[in-house]
2 protein chains.
Amino acid sequence: MKQPLSIVKIGGNVLENSTELTRCLRLFAQLKEQKILIHGGGNKATELAEKLGLKAKMSGGRRITDARNLEVAVMVYGGLLNKSIVALLQSNSCNAIGVSGADGNIILAHKRPVGEIDFGFAGDIDHVNGQMVSQLLEAGITPVFCALTHNGKGQLLNTNADTIASELAIAMSQDFETTLYYCFEKKGVLRDIKDDASVISHIDKKSYEDLRNNGIIQEGMLPKLENCFHALDKRVSKVCIGDIDMLRTGSKLYTTITL
Amino acid sequence: MKQPLSIVKIGGNVLENSTELTRCLRLFAQLKEQKILIHGGGNKATELAEKLGLKAKMSGGRRITDARNLEVAVMVYGGLLNKSIVALLQSNSCNAIGVSGADGNIILAHKRPVGEIDFGFAGDIDHVNGQMVSQLLEAGITPVFCALTHNGKGQLLNTNADTIASELAIAMSQDFETTLYYCFEKKGVLRDIKDDASVISHIDKKSYEDLRNNGIIQEGMLPKLENCFHALDKRVSKVCIGDIDMLRTGSKLYTTITL
């Protein structure tokens with residue numbers, strides 16, 4: 001039987017509040033099974049870019065990573081956030097090592113081709129080296145990923161943290177029974193966006209179609225759920241969406257997604 | 001017989017010149033034995049601090065790391081420099097993982113006690129977890145250290161890269177036949193500071209005393225050499241001082257220090 005592995009992605013809202021981050025990392029450290037953390041960047045990179053006088057470049061509503069903004073991302077994601085998280089996990093007796101996709105050659109990506117939009121140094125994932133991650137886990141190490149990958153030719157690339165989480169989960173599912181946790185600011189997928197208590201406890205492909213057709217799930221949640229089903233299609237056992245309390249033992253108030 | 005291990009420390013002058021850094025990392029990647037890289041910070045941190053309007057705080061000629069300057073150090077050393085070096089090593093087929101002393105709980109330190117000077121978040125090393133480093137090496141990984149440690153209670157600390165290199169070399173000497181390379185801007189310890197060709201090829205404790213008593217070695221080189229002899233006293237096999245060309249196979253123009 002495959003061993004369980006929890007892959008937890010935390011986003012901006014947790015990273016921007018040091019009390020929440022400390023609480024989140026304590027809960028994460030207490031997970032008994034083998035585990036991996038992935039963190040996004042949040043507003044810290046935008047703040048630093050602004051302090052340095054860099055303007056956020058947008059095109060078609062999407063952020064462009066030029067060379068100087070990539071430097072900011074590497075400093076904030078790979079440095080400040082990643083190392084601070086590692087130090088906090090260590091203080092909770094969790095033996096973490098912080099990595100980008102370049103470390104251990106774990107995530108190879110290519111620079112997104114220039115089409116109508118030139119996204120700059122944005123990376124789309126080609127390959128996840130699950131064997132290296134397994135070696136780290138076997139050595140008792142908890143890998144902590146920031147949202148950076150590389151192209152194998154010396155170039156770091158900025159890659160969406162949700163995508164890193166799902167691609168890692170897919171790669172690890174070859175050897176582990178993998179559960180993917182997406183932590184965000186809500187208790188889960190909500191039936192009524194204005195009612196935090198209206199968490200839908202379980203979604204499968206069939207009910208997802210209904211929820212989508214009835215307009216209950218819409219906008220930003222749609223690509224998130226498509227991403228979840230993509231992971232499930234590729235043998236990830238279970239995807240959970242909720243706030244950090246879903247990591248608490250016995251917690252039930254979050255959304256579980258299965259095929 | 002113990003296996004050979006090379007521990008290479010590179011400093012500011014190499015990090016500030018991208019052509020030199022690329023050349024240095026190519027030479028490092030070509031070393032056939034197991035190896036570890038340690039890098040300092042150079043001027044990049046000072047540059048970023050200045051851009052952010054932080055003034056370098058000095059006391060008695062020494063730099064003070066306040067909370068905001070520590071953030072800069074974590075971003076530049078742990079992020080920008082460390083991850084860029086890892087990506088470049090990967091492009092040279094060297095399977096590097098970038099770490100601070102917090103990663104894998106490898107280097108525990110304490111905040112330097114406040115005496116006449118309060119150094120802020122400067123860390124003095126208490127313990128190096130050589131076993132974790134050995135595990136990484138055994139997994140075929142080349143660790144790349146930046147000049148950061150932690151106190152085990154969630155606090156990152158700024159620590160001198162030369163000291164990290166020597167303490168790591170001492171810890172690893174329990175299981176490896178360790179050579180410690182200090183790369184700097186000169187070809188080695190010079191008999192005449194104005195003559196780059198006047199490299200002293202070998203220094204031992206006896207000749208060091210003579211060189212010091214005759215005023216041939218002085219100022220900045222004295223603490224460097226004291227540091228080397230401290231490592232040798234603690235079972236490091238050999239310490240070499242020179243520029244990056246000393247990593248080249250067959251190179252002879254550098255200074256070797258033994259007991």
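Dipole magnitude for the protein assembly as shown: about 20 debye, using +1 per Lys or Arg Cβ and -1 per Asp or Glu Cβ, origin at the Cα centre.
If both residues of a DSSP beta bridge must be in the stretch A:1-90, then about 35% of such bridges are antiparallel. Under 13 Å from a label point 7 Å along Cα→Cβ of B:Ile193: give me every residue in the stretch B:201-241 with its amide N that close. Only B:215-223 fall inside the zone, counting backbone N under 13 Å.
A convex hull fitted around the alpha carbon atoms of the stretch A:175-230 yields 99 Å³ per residue. Modelled label positions at B:Asp126 and A:Gln3, each set 7 Å beyond Cα in the direction of Cβ, lie 2.9 nm from each other. I want the local charge near B:Thr149. Using Cβ-Cβ distances under 13 Å, sum +1 for each Lys or Arg and -1 for each Asp or Glu among the other residues. Summing Lys/Arg as +1 and Asp/Glu as -1 gives 0.
For A:Glu116 and B:Lys153, a Förster radius of 51 Å and the Cβ-Cβ distance give a FRET efficiency of 0.50, rounded to the nearest 0.05.
So for A:Thr256, A:Thr65, fewest C-beta neighbours within 10 Å to most, what's the order? Please list the in-between numbers first.
On the way: A:Thr256 19, A:Thr65 22.
Fewest-to-most ranking of A:Thr256, A:Thr65: A:Thr256, A:Thr65.
The alpha carbon centroids of the stretch B:236-259 and the stretch B:197-221 are separated by 15 Å. A cut-off under 14 angstrom between Cβ atoms defines the neighbours of B:Leu5, and their net charge, with Lys, Arg +1 and Asp, Glu -1, is +2.
Once C-alpha pairs closer than 8 Å and six or more residues apart are averaged by separation and normalised to the residue number of the stretch B:193-259, the relative contact order reads 46 percent. Taking the DSSP beta bridges with both ends in the protein assembly as shown, the antiparallel portion is around 35 percent. Coordinate range of the alpha-carbon atoms in chain B per principal axis, descending: 44, 43, 35 Å. Going by Cα centres, the stretch B:89-119 and the stretch A:33-62 are how many Å apart? Centre-to-centre (Cα) distance: 24 Å.
Peptides B:200-209, B:220-229, ordered by how many other C-beta atoms sit within 10 Å of their residues on average, highest first, read B:220-229, B:200-209. Each residue, B:Thr249 and A:Glu47, gets one label point 7 Å from its Cα in the Cβ direction; the gap between the two is 5.1 nm. Cross-link partners for B:Lys44 among the aspartates and glutamates, with Cα-Cα distance under 14 Å and sequence neighbours closer than 8 places in the same chain left out: A:Glu71, B:Glu16, B:Glu71.
Within chain A, what percent of beta bridges assigned by DSSP are antiparallel, to the nearest 5? Percent antiparallel among DSSP bridges in chain A is about 35.
Is there a pair in A:Lys234/B:Lys83; B:Lys57/B:Lys238; B:Lys206/B:Lys252; A:Lys2/A:Lys187 whose C-alpha atoms are over 27 Å apart, and which pairs would that be?
Values: A:Lys234/B:Lys83 30 Å; B:Lys57/B:Lys238 36 Å; B:Lys206/B:Lys252 22 Å; A:Lys2/A:Lys187 29 Å.
Over 27 Å apart, Cα to Cα: A:Lys234/B:Lys83; B:Lys57/B:Lys238; A:Lys2/A:Lys187.
Counting Cβ atoms of other protein chains within 10 Å of each Cβ in A:65-78 and taking the mean gives 4. Using Cβ point charges alone (K and R +1, D and E -1), the dipole size of the stretch B:99-239 about the Cα centre works out to roughly 60 debye.
Fewest Cβ neighbours within 10 Å first, please rank B:Arg26, A:Arg62, B:Arg248 accordingly. Don't jump to the answer; show the numbers that get you there.
Numbers: B:Arg26 16, A:Arg62 10, B:Arg248 13.
Result, fewest neighbours first: A:Arg62, B:Arg248, B:Arg26.
Across peptide B:150-159, the average count of Cβ atoms from other chains found within 10 Å of a residue's Cβ is 4. Counting pairs of alpha carbon atoms under 8 Å apart in space and at least six apart in sequence, what relative contact order in percent does chain A give? Taking the mean separation of contacting Cα pairs over the length of chain A, I get 21 percent. Can you tell me how the stretch A:1-141 classifies by the Cα gyration tensor, rounded, prolate or oblate, using a/c under 1.5 as the rounded cut? It comes out oblate by the Cα gyration axes. Report summary: the helix-based calculation at 222 nm, which adds -39500 (n - 2.57) for every DSSP H run with n ≥ 4 and divides by the residues of chain A, gives -9500 deg cm²/dmol.
What does the charge add up to near A:Ile107, with Lys and Arg as +1, Asp and Glu as -1, over the other residues with Cβ less than 12 Å from its Cβ? Taking every Cβ under 12 Å from that of A:Ile107, the sum is -4.
Every number here is computed from the coordinates shown, using simple stated rules; none is lab data. What you see is a predicted model; the values in this text were computed from it and never measured. All Cβ positions, glycine included, derive from the backbone under ideal geometry; neighbour counts span all protein chains shown.
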